[in-house]
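Read through the structure below, which is laid out as structure tokens, and then see the notes.
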Amino acid sequence: MIEERFAKVGVESPRLAKHEDTVWIAHKLVQSWGDTNITVRGELIDAMQCACLVAPEKSGLLIFREMTDNGIEIVVLEAFEKGARIGARLLNHLIVASKEQQKSYLTATTTNDNWPALRFYQKYGFHLHELRKGAVDEARSKLKPKIPIIGYDELPIRDEIELRLVIAGSVENLHEN
């Protein structure tokens, strides 16, 4: 499993969440997402049941899960200090671990309004993979009514956009600092 790779990391590297982090992670998810459930592809995912990387000094988190087809899905990626490259470090760590574990791809889903996430993932080599028109509207009506209607720059939140990074090659597109 990919989680085994994180036992090898140093002090300043992101680390796999420990049991003691559970309350903190749940608090951060509720603070940012309204609860610990995240919707993707018409599925309600309990993020607390997924693996989680924690950045040094709890400055960010990356929640992910292994897919049945040898991929890794990023469920949540949050940096609590903007501009400090925390998200980049977390993502880099997951990419390197995924490559070491010979995973096929990483996938991340965001919404049509979330241009910062679209920019971020594309900067690190992800490509647009799938547009799911109306997926957020449907999730809001069937799974999670708390999903906001309006997002970044007053844009309506309607669609899911899946981005994908194929791992088979090198990770030379990373901009780790």
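Taking the range 56-86 as the range and being over 18 Å from residue 38 (Cα atoms) and open to solvent by less than 10 Å² (accessible area, probe 1.4 Å) as the test, only 71 passes.
State the number of residues belonging to the range 115-154 that are open to solvent by less than 70 Å² (accessible area, probe 1.4 Å) and either among the aliphatic types (A, V, I, L, M) or out of contact with any strand residue (DSSP E or B) (no Cβ under 8 Å at 6 or more places or on another chain) (or both). Walk me through it before giving the result.
First pass over the range 115-154, keeping only residues open to solvent by less than 70 Å² (accessible area, probe 1.4 Å): 116-118, 120-121, 124-126, 132, 134-137, 139-140, 143-144, 147, 151.
Still in the list and also either among the aliphatic types (A, V, I, L, M) or out of contact with any strand residue (DSSP E or B) (no Cβ under 8 Å at 6 or more places or on another chain) (or both): 116-118, 120, 134-137, 139-140, 143, 147.
Total meeting the criteria: 12.
The number of residues in the range 28-42 that are touching a strand residue (DSSP E or B) at 6+ places or on another chain (Cβ under 9 Å) and in a helix (DSSP H, G or I) comes to 4. Only residues that are acidic (Asp, Glu) and within 18 Å of the chain's Cα centre (by Cα) were counted across the range 129-153, and they come to 1.
Of the residues examined, residue 89 is one that is open to solvent by 30 Å² or more (accessible area, probe 1.4 Å), in contact (Cβ under 8 Å) with a residue 12 or more places away in the chain and touching a Pro at 6+ places or on another chain (Cβ under 9 Å).
Residues that are surrounded by fewer than 17 Cβ atoms within 10 Å (Cβ to Cβ) and modelled with pLDDT under 95 within the range 32-55 comprise 32, 34, 35, 41, 42, listed in sequence order.
The values are calculated or read from the model by the stated rules, or taken from the named source; none is laboratory data. Here the structure is a predicted model, which is why all the values come from computation and not from measurement. Note that we place each Cβ from the backbone using ideal geometry, even for glycine, and neighbour counts take in every protein chain shown. We work out accessible area using only protein heavy atoms, side chains counted, and drop any ligands, DNA or RNA first. Shrake-Rupley method; radii C 1.70, N 1.55, O 1.52, S 1.80 Å.
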